[in-house]
1. Check which residues have an amide H placed less than 5 Å from V178's amide H, if you skip close sequence neighbours.
2. If each residue of separation counts as 0.36 nm, what is the full-extension length gain between Q59 and L182 once their alpha-carbon separation is subtracted?
3. Enumerate the amide H contacts of H9 below 5 Å, restricted to partners 5 or more residues apart or on another chain; note that Pro and chain-start residues carry no placed amide H.
4. Counting other beta carbons within 10 Å of each Cβ, put H80, H9 in order, fewest first.
5. Going by how many other beta carbons lie within 10 Å of each one, how would you line up S127, S54, S77, fewest first?
6. Could you check the simple spin-label distance between E42 and L94, using points 7 Å along Cα→Cβ, in nm with one decimal?
7. Residue by residue through the range 20-28, which ³J(HN,Hα) values in whole Hz follow from phi under the Karplus form 6.51 cos²θ - 1.76 cosθ + 1.60 (θ = phi - 60°), with glycine and proline marked x?
8. 5 Å is the cut-off here: which amide hydrogens, built 1.01 Å from N in the peptide plane, fall below it relative to L60, excluding neighbours closer than 5 in sequence?
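None of the figures in this text is laboratory data; all of them are computed from the coordinates on show. Please read these numbers as outputs of a predicted model, since none were measured by experiment. With ideal geometry, Cβ positions are generated from the backbone for all residues, glycine too; neighbour counts draw on all protein chains shown.
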Amino acid sequence: MSASLQNQHVLILGGTSGIGLATAKAAFEDGAKVTITGRSVERLATARSVLGQSVNAVQLDASDEEKTRDLINGMASLDHLFITVGALVLDAKLAPTKAAMQPALDMRFWSAVYAAKYAAPKMHSGSSITFMSGTAGRRPLPGAAVATASCGAVDALARALVLDLAPIRVNTISPGYVDTPLFDGLLGENREAVLANAAASLPVKRIGRPEDIADAVLFLMKNGYVNGINLAVDGGGLLV
Ligand SMILES: NC(=O)c1ccc[n+]([C@@H]2O[C@H](COP(=O)([O-])OP(=O)(O)OC[C@H]3O[C@@H](n4cnc5c(N)ncnc54)[C@H](OP(=O)(O)O)[C@@H]3O)[C@@H](O)[C@H]2O)c1
């Protein structure tokens, strides 16, 4: 395992909040040069204030292939890539239209495809790509079938790319419940009650912190023999 990410360039697509921001902070503290992206200018500014002005913070919608290509092609070097982007669409009994359900697959899966496609030619034998899945890929989230399928899709994509992009390592991370701003919009005023309930149901009796996942992502970046795994970081949630 390499001692640190010192002077390595880490790109985090979806790095201005929650798990991505915590990973950017951990990589930065480990000595990496860090580039983060996000769509919102406000979130980019907040992330800059957390990480410091030396972070490269770029406005980018990761589902835009051309802009992703241009960003990555403009980089002098790239050692590690983490794509956190995803979307949760509720689609009980597949009732919504295709157009309404499509972002649940497109955001996670195609953003991962575009990023890997343009990053790989910049990478080398010590490099890694980490995709964002979720424990929902193994234990489906009721009422979110397409979003659940997107978790399985990136898992299969990662294992296929281990072969096609070798020697670049490709892994997937599957968080359980993690306390991030994602839940602000999803749960509204029920947020605290739902998360407390989730915590009580877990063997560790708490839900995850973004730093728990960031720590695991850095492990996937730095351990040169971990390849093609889907690492669940869920407090034991898949066992109960
Ligand atoms: N929190 C959990 O419990 C949990 C559990 C399992 C899996 N996950 C997955 O983990 C990922 C991150 O979740 P989080 O909890 O850290 O959420 P978060 O705090 O809302 O952060 C999401 C980040 O992704 C960025 N983003 C979203 N769509 C983007 C796009 N199209 N292009 C570029 N950046 C984009 C956001 O910035 P902008 O909005 O400004 O673009 C933000 O920086 C998601 O894929 C989620 O499904 C989360």
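1. G208
2. So the extension gain works out to 42.4 nm.
3. Close amide H contacts, sequence-distant or interchain: K33, D79, H80.
4. Taking fewest neighbouring Cβ atoms as first place, the list is H9, H80.
5. By the 10 Å Cβ count, ascending, the order reads S54, S77, S127.
6. It works out to 3.7 nm between the two label points.
7. x, 5, 5, 5, 4, 5, 5, 5, 4
8. Amide H neighbours of L60: G38, R39.
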